[in-house]
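What follows is a short report on a single structure.
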Amino acid sequence: MDVALHELHVGQADTLAQLYRENRSHLQKWEPARDDAFLEPDHQRKLLAEAQRLREEGRRWAALIHEGDEYVGFLALNHIVRGALQSCQLGYWVAERHCGRGIASGAVALGLDVAFGMLGLHRVEASVRTDNPGSVRVLQKNGFRRIGLALSHVFLDSSWHDQWLYERHEPGIAQ
Ligand SMILES: CC(C)(COP(=O)(O)OP(=O)(O)OC[C@H]1O[C@@H](n2cnc3c(N)ncnc32)[C@H](O)[C@@H]1OP(=O)(O)O)[C@@H](O)C(=O)NCCC(=O)NCCS
């Protein structure tokens, strides 16, 4: 498998809109509510322009996951904090028809390389719904450690959900 991360740019608006449209029901349980306008390329163009601004400001780094000859998912290092913390929050999803092939596991490994390499961060956090064992496994395979349970932590698909909290430090720090 040949998984790569391609930094977001405005030219990916049509592709991203199509990915969101094709995976609307697949992502509904795990992603914030999306209205119809969100699925339009014009709206994605605005979000991608905003993503570029946030990257330039060093506040967020995000990419499409590429495998074979197509885009198959999304990964983001959100809420980058500098100063004494040097941390960020990881998020990701894989298109339904590509799930179960190791793509998320590979993409998260590459995302950690970006976080600890290019961005020079010290720690990556991830929170995952307690009813998402597949995503828990992706984190475990990438060396994340469970550090707690946040009750009623995220509002998704019309209700609040508990989430496991995970962390992973840069190489060289005891995990
Ligand atoms: C969760 C998600 C990212 C996984 O993507 P993926 O490319 O299928 O993940 P991978 O193939 O790399 O790895 C999945 C692992 O979970 C395991 N798994 C899948 N479903 C499982 C389940 N119900 N119980 C236990 N393990 C499970 C797989 O066996 C695999 O582990 P293995 O490699 O040891 O066999 C994908 O299903 C997705 O995008 N879901 C919707 C959005 C989402 O949940 N995002 C994450 C929010 S924290």
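The values are calculated or read from the model by the stated rules, or taken from the named source; none is laboratory data. Just so we're clear, the structure is a prediction, and the values are computed from it rather than from any experiment. Glycine gets a Cβ as well: all are built from the backbone with ideal geometry, and neighbour counts include every protein chain shown. Quick note on the areas: whole protein, heavy atoms, side chains included, nothing else; ligands and nucleic acids left out. Shrake-Rupley method; radii C 1.70, N 1.55, O 1.52, S 1.80 Å.
In the condition set (1) within 16 Å of His79 (Cβ to Cβ); (2) in contact with a His (Cβ under 6 Å, 6 or more places away or on another chain), Glu170 is compliant with all but (1). Kindly indicate whether any position in segment 149-159 is closer than 21 Å to Glu7 by Cα and without any contact (Cβ under 8 Å) to a residue 24 or more places away in the chain. No - not one qualifying residue is present in segment 149-159. Counting residues in segment 96-108 that are in a helix (DSSP H, G or I), open to solvent by 30 Å² or more (accessible area, probe 1.4 Å), in contact with a helix residue (DSSP H, G or I) (Cβ under 7 Å, 6 or more places away or on another chain) and over 18 Å from Leu8 (Cβ atoms) gives one or more. Within segment 15-35, the residues that satisfy the criterion of being open to solvent by less than 50 Å² (accessible area, probe 1.4 Å) and not in a helix (DSSP H, G or I) are Asn23, Glu31.
So that you can scan it fast, the table gives a plain yes or no per residue for (1) open to solvent by less than 40 Å² (accessible area, probe 1.4 Å); (2) within 23 Å of Gly172 (Cβ to Cβ):
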residue	(1), (2)
Glu70	no, no
Gln86	no, yes
Trp93	yes, no
Ala115	yes, yes
Gly120	no, yes
Arg123	no, yes
Asp131	no, no
Ile147	no, yes
Phe155	no, no
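Can you find even one residue in segment 66-89 that is within 8 Å of the ligand (Cβ to nearest atom), closer than 21 Å to Asp2 by Cα and not in a strand (DSSP E or B)? No, segment 66-89 has no match at all.
Is segment 108-122 home to any residue that is within 11 Å of the ligand (Cβ to nearest atom), among the acidic types (Asp, Glu) and at pLDDT 95 or above? Checked against the condition, which is being within 11 Å of the ligand (Cβ to nearest atom), among the acidic types (Asp, Glu) and at pLDDT 95 or above, segment 108-122 yields no hits at all.
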